[in-house]
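A short worksheet on the structure shown next.
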Amino acid sequence: MGLLSDPSISTQSKLVDGLARHVRKVCLVLYVAGVVWFFCLALPEFNHGTYLSENALSPGLVYPEIRVDANRLAIQLLEELHRERTNHVSTTPHAWIAAKMNEFGLETHTHNYTLRYPFGGGKEYHGKNVYGILRAPRIASTEGIVFTAPYRAASSVHTDISPSVPLLLAFADFARRKNYWAKDLIFLVTEQEQLGMQAWLEAYHDGDRVPDANRTYLRPGNLPARAGSLQAALNIEVQDLEIDYVDVRIEGLNGKLPNLDMFNLVQRIMAREGIASGYKQAPRKKRRHSQSVYEQNLRGMLSMLASQASGVPTGNHGLFHRYRIDALTIAAARRQTHATLKGNPGSAAVPLLKAIEGISRSLNNLLERFHQSFFFYVIVNNDRYISIGDYMPALVALVACAFVKAYLKWATLPSASEMEAAAAAASAAGSESELPSPGEAEPDEPFDLPYGSVLIYLVATLAIGYLCNVLPLQQYFLEIPMGAAPLTTSVLSFLSLIGFILPFVVVLPPGGLELLHVAFLLIYGCAMIAIGLLNFALGFFVAVLTVPLVISLETSEENTKSSFRNSIRLLTLILNPMMIVYVIVLAMTFYQFPELPMQKIMLRAATAAMDASAYGLIDSVIYGNFLYFVVSTVLLPLWILCWTLALSKRRDYADYLDFDEAPSPQPPAPPAQRQAKLKRN
Amino acid sequence: MCQLRPRPLCQRLGSLLMALQVFLMAVLPAIAAATPATVGAPPPTTAPTTGGSRPNFSGPLGRSDERFHEELVVRPLSGDHVNTYFQFTTRWHFGKKDNLYHTQLTPRVIAEVLQQFDVKELHIGLTQGLWRYETWGYPIVEATSGAEMWAWFSGDNLTATEVDRQWGQLANVFSGVLCASLNFVDKTNSISPRHLLRPQFMPANRPRSVRYASLPREIVCTENLTPWKKLLPCGSASGFASLLNSGHVHNTKYHSLGLKVRMLCEDHLEDNCIVELTQTANLVYDLRLFELSNNDFSLRRLFGMGLNGFCELAESSKIYVQRNEQGQKYSLVPQPTQEVKSIRGGHLVVYAVYDMLEQFKDPGERLFNIAWLTPKNENRRRNLMKPTLPPVTVHRYLLGNGQERGRIATEVTNNHYEALPILVQELVPWYVHAYLHTLKIRRKPQRVNEYTRRWLPFKLLHYTPGKQRELPSHLEIGFTLPGQTSALITIDVDYLLLKWLEYPPDANHGHYIGAAMVSTQLPMGRNYTALPPEGHLFEHSFNATRPNYVLSLHTEALIVSLPTPDFSMPYNVICLACTVVALAFGPIHSVATKVIVVGRQASAPKNFVRKILGKIFRRNTVQVRAAAAAAAGAAQAEALRGGGGGRGGGRTAADQPILEDLREEEEQEQD
């Protein structure tokens, strides 16, 4: 209790003295340790082989029963669908899908939803999902599993994945004739990419919500039928019935992942059916064999973290995770026809159908929700993973710097006597004649740290961040005839500008900067840990970028070269969240269009960054992606604080003396010496 | 028939119906005030006349008359399903209560239960699967998934605690009889419904009480079927019960075993009673699971074997096959000897009747089989025609995400064009906290898929709040549902974090919330197949036109994920560590915050006796005082000296311990 407030520990203790002497080194060591630990994780000694924790899954316990006739049905349905697609170029053939589901004996329903697009004058888009429920004989509709296939219209710019619907239907027809189902199976065909999925899930879980015309952008409506609590979901995206390999996609919204058991289950079953499958599986010819195992592992890790960091799901499965439904996507790539590699088209999809059957039967065996194994992990390789207990120390070591420094700052906060000493020094430097005699002083008057003004300053910066979040969606802004991207960007840059100017306008009273520094370090540390727990990738990358700045940031004026201070100021400016977004987009543009001249790339990156911020906002209001929130409401205020500290604008002590009736300076030698010692470090 | 025994039966019937009418008029008009046409108090004479015109009671019933009937109803349903309904009815006019000691066809356990308890009516249902109202229409006997049980008690000087005791014992008896987990029925999952359940026993005008419980988690299997069959007079040796082989019964989409006992006594004369035991088995087969090339089926295919005859003890043994609606497309082999047309509430149903007594008239061993054949020209393409929706359908689902709170939503859809009175009963277990102030009934037109802010007022509300680990929440709502409208009843709930030993071994499976019951009165008889309350055989439902039909429906049960700790090694470690910390906190806190002052022993007791006394009364213990040490010295000296003079007569003996806190000390100092 008295740990933080007890003056006997704070200033006089040896710990603080020692820490003050070595704080830079300690922080540096911690930072390096964190980063090195992270790189070590790619070594086989630091990660583990995957295993199935949930015994109920027992993959491959049953022999697959699905036969070539299901494949024949899939081919026939695909032909029918292709005929339908000529008539429905930009829409989904709902009627055909619903009729097929009905014919196979599923309880078929449609689900309508409406999207009110926040920008561009509130245009409305309508969508429709079709789903059929196979009512399981062994249960009273209390649990269900979802099989989804996104449908892309023929006019879509994305890769054609229309064969997933026939595959889904062929499996549904097979499953309907079995009596072992202990969970209702829902076969769902969504449209408009992730929007349909999101609407369906919202309708399933929040179907009774009364839409608020101003606040809700996606009106999901209600579902006519449900199947109890959903246990798992499998999203199928197949480019062709003849497949080359299967890419298992797991990253969900905000970097959430399905249970590792589910990924392992898919891997096991795919391996049994002889399908090349894996996480971020690439076609065979592209695989490089020259890399060492370590390099491969590191690449795997980094690519997974990179795709997690943005928080955008890699497929429709990602939206399930928020409802605690474990889901992943099986994305099968089309086989390139080789003269030497000729498959039999009549049975091409049988392995995949068998795999889907095996996965669904294993999921059907589940007695409990997925709860064993890991929900937080990083996949190093298809059969190796890093658990949360192993990767968190890296982040903790990085963030620990902030806390160590915060403690030191708190312990060495200028007390009354020091402040007076500093003031005395300042006034002495100004003119010795004005030195007030000790007799006139009031030594009992306590010196208070300016808690109030620092708190107000913090609130102001947070308010700026909050405005970033809500301002672009206000009605009066939306009515401005401006595109989504310029509008969002202009609001964001305006608010950043306010943040930039803020420290020039508002100057904190003496002691305020130090207090602000402590507050900044604490908020920064807590924010990094919180972000890292929710989305490790995002937290870790942000921490790796910003911790050096946080370490080197100092508020004191003495003993620091101005060049050092200026370089820190420059670094702070560069690390502005909007700058970082721009730099990332610039790098990606450069990587994608290396042939363009630099100017064009920069221009293009600027528009792309503007688009990115608008998409981030839309993602956050429709899907609940928190990346935009993190950047605007957490990182931007932190940056403003950082900028304030880097500038270190102080009121002159002379002003302060005039202003505050001049507290008497007592020149106590020991504190001054200690302070000087502190500043040296 | 009535002439033979003029007194009991006609009177009985009349009074039974009176009782039912009294009940209905008490409850439902309140709801149906807006729709007087549906209630429109019928003249009590209608029922006896219709009852008289039909062979409601097969043959005369004398005292100690005991009859057994077996019936099988086969109804093809839409979506390639077939409903087979077995009903075994034993009706025993036993007269005096003492006669219950001498049972013949009625199982002894039933007679003993009636002897021992004041139970007048008992329903037990053991069900696997869910009846799909949308595609299958209404069942002949309603049941919820899992186990369900309710009983009416009536007797002299019956108190509520006595009813609770008897209810618990009754559940335990039938837990043994049916090998079901009915012994888990206790106060934490039983309610006494106020409005929804209607008595069917007689005389029902006395003070009576009802208890209801459901166990949605119960899984029904062979172990329940075998003891259930043993209650039958012929067992499973012969008769229709021989068709019920567990291998085939449990491969159905829905199977429900039912047991219903009721007492019909004369109003004033307690020793003129009938006991009626009805055992039902309701099965729904899915023809697609047979993997056939066409939709043909037969008894043999459904049950694995043909019928080997009738139960020799049975008064009648008949098979009814529905011939219209979905049954229209089938031709029967062998051709039925008899057809019955039943018009009920303006709805025509045609049944082909096979009388097994006729069929097995001649001696000789053979198996009887009925085959349903579709015409050869009909192709394999299944019937895609959607069935007409029954007038009222119900659903229930859980809304919200996360393990902290959610909303239970019950949806009632009225597909009829007229407004209907609806009664909904919810039983929310204690581990889910329901908040009554969040109860909302919203409405929408049937075709629209989004609920708006249009409320529906409720006409009747009965709520018994739950109590943690003791009582479930019990809610009954009555309202009028306009035609072609859906109503969504939502109530917000909080999920409770259980104590760590209260979680079942499969903690992550979730906990069950039982099905809601919905009751209504239909003005017409479409899809309505239940027996009239005064009848006891399936054939009594033929032509049983009434002014309205009381319909009772069950929704789905729900699974909720309560906040579940990670029951793995770290969790155990956390539990252990927290316990240790909690144990250590108390002493450490008291040591850290109190100043312990060791007071000198005031005056040593002189003799041995006083020493002992002193020990007993703890008079010479260490004085613990939360006081500043310096202050304590002076005060203590004072206290010891003058026997607490400063404080008046508070202290009598010099060696009285001084247990005071700081404030008292300060007061003393100020003194």
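Structural remarks
Conditions (1) of a type in the set (V, I, T); (2) assigned to a helix (DSSP H, G or I); (3) closer than 18 Å to B:S78 by Cβ, marked per residue:
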position	(1), (2), (3)
B:M305	no, no, no
B:G309	no, no, no
B:V321	yes, no, yes
B:Q326	no, yes, yes
B:L348	no, no, yes
B:A352	no, no, no
B:P363	no, no, no
B:R366	no, no, no
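- Residue match in the range A:630-637 (condition: over 15 Å from the mean Cα position of the chain (by Cα) and either in the same structural domain as A:I501 (by TED's automatic domain parsing) or touching a residue at least 24 places away in the same chain (Cβ under 8 Å) (or both)): yes
- Filter result for the condition that a residue is within 14 Å of chain A (Cβ to nearest Cβ) and surrounded by fewer than 23 Cβ atoms within 10 Å (Cβ to Cβ), over B:L551, B:L562: B:L562
- Some residue of the range B:338-345 being modelled with pLDDT of 85 or more and over 20 Å from B:T84 (Cα atoms): yes
- Residue within the range B:468-481 that is assigned by TED's automatic domain parsing to the domain that holds B:E450, touching a Leu at 6+ places or on another chain (Cβ under 6 Å) and within 30 Å of A:L363 (Cα to Cα) present: no
- Annotation note: of B:T127, B:T188, the sole residue that is in a strand (DSSP E or B) and of a type in the set (S, T, Y) is B:T127.
- Hits in the range A:131-182 (condition: away from every other protein chain (no Cβ under 14 Å), surrounded by 19 or more Cβ atoms within 10 Å (Cβ to Cβ) and more than 28 Å from the chain's Cα centre (by Cα)): A:S162, A:P163, A:S164, A:V165, A:P166, A:L167, A:L168, A:L169, A:A170, A:F171
- Summed over the range A:214-233, residues that are surrounded by fewer than 23 Cβ atoms within 10 Å (Cβ to Cβ), more than 11 Å from chain B (Cβ to nearest Cβ) and in contact (Cβ under 8 Å) with a residue 12 or more places away in the chain total 4.
- Residue check for B:L196: of a type in the set (A, V, I, L, M), more than 18 Å from B:F174 (Cβ to Cβ) and surrounded by fewer than 23 Cβ atoms within 10 Å (Cβ to Cβ): yes
- Residue tally, condition of a type outside the set (V, I, T), assigned to a strand (DSSP E or B) and more than 25 Å from B:Y571 (Cβ to Cβ), over the range B:457-509: 17
- First in the range A:479-499 and at pLDDT below 80, second anywhere and of a type outside the set (A, V, I, L, M, F, W, C), Cβ under 6 Å, 6 or more apart: none
- Residue within the range B:139-153 that is within 14 Å of chain A (Cβ to nearest Cβ), among the aromatic types (F, W, Y) and in contact with a strand residue (DSSP E or B) (Cβ under 6 Å, 6 or more places away or on another chain) present: no
- Flag if B:T106 is within 14 Å of chain A (Cβ to nearest Cβ) and either within 18 Å of B:F86 (Cα to Cα) or in a loop (DSSP other than H, G, I, E, B) (or both): no
- Among residues of the range B:429-453 being assigned to a loop (DSSP other than H, G, I, E, B) and more than 10 Å from every other protein chain (Cβ to nearest Cβ), the one that is nearest to B:H416 (Cα to Cα) is B:Q446.
- In this structure, A:A199 does satisfy being surrounded by 21 or more Cβ atoms within 10 Å (Cβ to Cβ), within 29 Å of B:K444 (Cβ to Cβ) and small (G, A, S).
- Just one of the listed residues (B:L398, B:L348, B:L332, B:L373) is farther than 30 Å from B:A544 by Cβ, at pLDDT 85 or above and away from chain A (no Cβ under 14 Å), namely B:L373.
- Elements of type helices (runs of 4 or more DSSP H) contained in the range A:512-583, each with 1 or more residues being within 28 Å of the chain's Cα centre (by Cα) and within 15 Å of A:F403 (Cα to Cα): A:512-534, A:536-552
- Any chance A:G539 is modelled with pLDDT of 90 or more, over 22 Å from A:W410 (Cα atoms) and not hydroxyl-bearing (S, T, Y): yes
- B:T374 meets the conditions (1) under 39 Å from the mean Cα position of the chain (by Cα); (2) in contact (Cβ under 8 Å) with a residue 60 or more places away in the chain in every case but one. The failed one is (1).
- For B:D118, the conditions (1) surrounded by 18 or more Cβ atoms within 10 Å (Cβ to Cβ); (2) touching a residue at least 60 places away in the same chain (Cβ under 8 Å); (3) more than 14 Å from chain A (Cβ to nearest Cβ); (4) more than 18 Å from the chain's Cα centre (by Cα) are fulfilled apart from (2).
- Residues of the range A:494-511 satisfying the condition of being under 20 Å from A:L571 (Cβ atoms) and under 27 Å from the mean Cα position of the chain (by Cα): A:S496, A:L497, A:G499, A:F500
- Strands (runs of 3 or more DSSP E) fully within the range A:302-411 that include at least 1 residues being surrounded by 20 or more Cβ atoms within 10 Å (Cβ to Cβ) and within 14 Å of chain B (Cβ to nearest Cβ): A:326-334.
- Which numbered condition A:V157 fails, given (1) assigned to a loop (DSSP other than H, G, I, E, B); (2) touching a residue at least 40 places away in the same chain (Cβ under 8 Å): (2)
- The residues in the range A:125-151 that are out of contact with any Leu (no Cβ under 7 Å at 6 or more places or on another chain) and over 22 Å from B:Q128 (Cα atoms) can be counted, and the count is 5.
- Residue in the range B:483-510 that is surrounded by the most Cβ atoms within 10 Å (Cβ to Cβ), counting only those that are at the interface with chain A (Cβ under 10 Å from one of its Cβ atoms) and polar (S, T, N, Q): B:S486
- Some residue of the range B:226-242 being within 30 Å of B:I559 (Cβ to Cβ), of a type in the set (A, V, I, L, M) and in contact with a Ser or Thr (Cβ under 9 Å, 6 or more places away or on another chain): no
- Leading residue by the ranking (farthest from the chain's Cα centre (by Cα)) among those in the range A:25-35 that are over 12 Å from A:V547 (Cα atoms) and touching a residue at least 24 places away in the same chain (Cβ under 8 Å): A:V26
- Scanning the range A:200-217 for residues that are more than 22 Å from the chain's Cα centre (by Cα) and either part of a strand (DSSP E or B) or within 15 Å of A:Y323 (Cα to Cα) (or both) gives A:W200, A:A203, A:Y204, A:H205, A:D206, A:G207.
- For the range B:499-519, a tally of residues being hydroxyl-bearing (S, T, Y) and touching a Phe, Trp or Tyr at 6+ places or on another chain (Cβ under 9 Å) returns 1.
The values are calculated or read from the model by the stated rules, or taken from the named source; none is laboratory data. Predicted, not measured: the structure shown is a model, and the values here were computed from it. We place every Cβ from the backbone using ideal geometry, glycine too, and count neighbours over all the protein chains shown.
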